[in-house]
Amino acid sequence: MAIRTREEYIKSLLPYNKKVFTNGDRVTDPLDHPVTRSVVEATAKMFDMANDPEFKDIMVAYSPYINENVNRNVQISRSREDLEMRYKMARLTSQYLGTCNYRCVGQDTTTAMASVTWEMDRDLGTDYNTRLTRFIEKMQREDLACSGAVTDPKGDRGLSVAKSAPEDYLRVVEKKSDGIIVRGAKVHQSGAIAANCTMVIPNQTLQSKDEADIALSFAFSGDTEGITYITQYTPFSAERMEAKDDVYKLGNPLYGQRETCIIVFDNVFIPWENVFMCGEWEYAGKAVERFGKTHRMNCGGACKVGYQDIIIGAAMVLAEYLGVNNKNHVKDKFIDMVAMQQTSWCCAIAAAAYGFEEPLGSGIWMPDDMFGNVAKYNTAHNFWQTMKLAGDIAGGLAVTMPSEKELDNPETAEYIRKYYRAHASAEKRMRMTKVLQNWVAGLHGVGTWQGAGSIEAQRLMIRRLMDSEEYKKLAKIMAGITD
Ligand SMILES: Cc1cc2nc3c(=O)[nH]c(=O)nc-3n(C[C@H](O)[C@H](O)[C@H](O)COP(=O)(O)OP(=O)(O)OC[C@H]3O[C@@H](n4cnc5c(N)ncnc54)[C@H](O)[C@@H]3O)c2cc1C
């Protein structure tokens, strides 16, 4: 069976030939650094889950590409059922990781390209789909952890792509007989430092052939020459570095907040066999839109719902620890949180239920455009509401808490135990409050808002998809107006 174990995955990262920098230092062993280790651990957990009989139904899928069972993380949706299982996996992995599963964007970019390359080959006579199919087969056979690179630096957003500086968008700078040379960067890349490979797609719809150099899709492995990774660095990174192995006091012990990086491509050679779009600017928008709705169903409508499972659970435990779980306003807050969460979940379910083969004949299934986009749109808004309500229940301690280390300090332990005890011990209250701090005072609010595309991207799609004539027609029927 083409499903790797965590040990096989970790071994595949070593020797660690990627050029990775964090907080100004080069990382030579991702397991030896507290921040990068959290990404490896989260990715490894995905392999554990695929090998765990408890999760097998969701984490394993049959693939017609290689006629074998594969890790669902490398599955390409080829039916409505695939779409359903895909969003179920997103929620499940969020519940157990409490952070990004780091294989989601890679899967969704590859699925989008499976659809778009089929269309390009049909319309243009290219052989991109054949190349991509070979890549998918390899990815499935070897169970490769694949990240997804969409977001360009973009520079001055007020300028059109054609008028932007060359470094604002990843572009092809030379075409050779055996491959292409690319230069530029992709930013905010989830989990790329611990991935075996990355699937690159364009960032946005392109307007003319002047922008053809950035109509680019390809796959590369992490140790390709000319590639540099620079990781994000946040107060949570600093806290993790300071804690070293004492990570159980960090709220999400093994897997961290969530880690991204910028990937720099300094004249990188990509062989033609790994190139899936190069210059076909009319198809860039299709790639982005198909990735967008798929990722918005999974990331917006399911992954964040899994996060909300944890947030709501932590707030419920804290309400008990504080002795307020039976107060009416607290019970009301749980009703509100669950109603918002379930609305997002319903959007994911609807997006898959109304999914369809796109394009017809390609064999690739995509979620419904409107439901996919409103899944993310709703979640972006209600995640902040959930953070607000959970923060209300936890009280100020969610942001004022001393270190749990004080409980080991003979000079302060007694004070902490005495003054932070509520209906439960100070130890329990602090440990659970730290879990909640990760969510209500961490990186996930903005992360949820911006991840899978800023909110305006969804508004643009909703505006484009709304059937205004139908709305107006119904209102006129009601009013008895005939034009
Ligand atoms: C936690 C996290 C994980 C991520 N993971 C990945 C990943 O794995 N892979 C990946 O490729 N990307 C990833 N992203 C990137 C994510 O998709 C982008 O952050 C998102 O698309 C927004 O892009 P931006 O950050 O450049 O912000 P911008 O697009 O610059 O948005 C900033 C503001 O400017 C506005 N704006 C921008 N351009 C225009 C314009 N032309 N006209 C009017 N208003 C404009 C926006 O609406 C917004 O209000 C991740 C992001 C986050 C936060």
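The values are calculated or read from the model by the stated rules, or taken from the named source; none is laboratory data. Please read these numbers as outputs of a predicted model, since none were measured by experiment. For neighbour counting, all protein chains shown are included, and Cβ atoms are generated from backbone atoms with ideal geometry for every residue, glycine included. When the accessible area is computed, the model is the full protein with side chains, heavy atoms only, and any ligands, DNA or RNA have been set aside. Shrake-Rupley method; radii C 1.70, N 1.55, O 1.52, S 1.80 Å.
The table for this structure:
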read-out: Listed residue pairs exceeding 18 Å between alpha carbons, taken from Lys244/Lys405; Lys56/Lys293; Lys154/Lys186; Lys88/Lys304; value: Lys56/Lys293
read-out: Per-pair calculated FRET efficiency, R0 = 30 Å: Glu469 and Tyr354 via Cβ, rounded to 0.05; value: 0.90
read-out: Eligible aspartates and glutamates near Lys138 by straight Cα distance, threshold 13 Å, same-chain separation 8 or greater; value: Glu68, Glu273
read-out: Estimated dipole of the chain in Debye, rounded to 20 [Cβ of Lys and Arg +1, of Asp and Glu -1, Cα centre]; value: 1040 debye
read-out: Tail fraction, Cα-Cα pairs, segment 6-283, threshold 32 Å, whole percent; value: 24 percent
read-out: Computed over segment 6-79, Cα set: Rg, Dmax in Å; value: 15.4, 46
read-out: Ile349 - accessible surface, heavy atoms, 1.4 Å probe, Å² rounded to 10; value: 70 Å²
read-out: Cα long-axis angle, helix 304-322 against the chain (0 to 90 degrees, to the nearest 10); value: 0 degrees
read-out: Where a label projected 7 Å from the Cα of Leu460 along Cα→Cβ would reach, residues of segment 266-289 with amide N under 14 Å; value: 284-289
read-out: Rg(Cα) / (2.2 N^0.38 Å) computed for the chain, rounded to two decimals; value: 1.02
read-out: In degrees, nearest ten, helix 284-295 long axis to first principal axis of the chain (Cα); value: 30 degrees
read-out: Distance from segment 195-256 to segment 370-402 (C-alpha centre basis), Å; value: 24 Å
read-out: Heavy atoms of Val264 accessible to a 1.4 Å probe, total area in Å² rounded to 10; value: 50 Å²
read-out: Radius, Kirkwood style, for segment 342-395 when every pair of distinct Cα atoms is counted (Å); value: 12.5 Å
read-out: Accessible surface of the chain, 1.4 Å probe, proportion on carbon and sulfur as whole %; value: 52 percent
read-out: q = 0.19 Å⁻¹: log10 I(q)/I(0) that the Debye formula gives for segment 410-462, counting C-alpha atoms only; value: -0.72
read-out: Spacing of the two label points (7 Å from each Cα toward its C-beta) at Lys331 and Gln95, in nm; value: 2.5 nm
read-out: Accessible surface, segment 287-479, averaged per residue in Å² (probe 1.4 Å); value: 46 Å²
read-out: Accessible area expressed per residue, segment 229-269, with surrounding protein chains retained (probe 1.4 Å, Å²); value: 45 Å²
read-out: Distance from segment 26-86 to segment 114-175 (C-alpha centre basis), Å; value: 22 Å
read-out: Listed residues Phe276, Phe269 arranged by accessible area, highest first, probe 1.4 Å; value: Phe269, Phe276
read-out: Surface accessible to a 1.4 Å probe, Asp368 within the full protein complex, Å²; value: 30 Å²
read-out: Selection of trypsin sites (Lys or Arg not before Pro), segment 174-253, meeting DSSP coil and at most 13 other Cβ within 10 Å; value: Lys176, Lys244
read-out: Paramagnetic reach from Val173 in segment 257-296 [backbone N under 18 Å; point 7 Å along Cα→Cβ]; value: 263-271, 279
read-out: Simple Cβ-charge dipole of segment 287-479, Lys/Arg +1 and Asp/Glu -1, about Cα centre, in debye nearest 20; value: 360 debye
read-out: Accessible surface ranking that places the most exposed of Glu469, Glu41 first, with a 1.4 angstrom probe; value: Glu469, Glu41
read-out: On Cα atoms only, tilt of 369-394 relative to the major axis of the chain in degrees; value: 10 degrees
read-out: Fraction of antiparallel bridges per DSSP, the chain only, in percent to nearest 5; value: 80 percent
read-out: Area projected by the alpha carbon convex hull of segment 257-386, averaged over all directions, nm²; value: 11.5 nm²
read-out: 19 Å tail of the calculated P(r), segment 192-248, as % of Cα pairs; value: 58 percent
read-out: Cα-based radius of gyration of segment 329-483 once divided by 2.2 N^0.38 Å, which approximates compact folds; value: 1.56
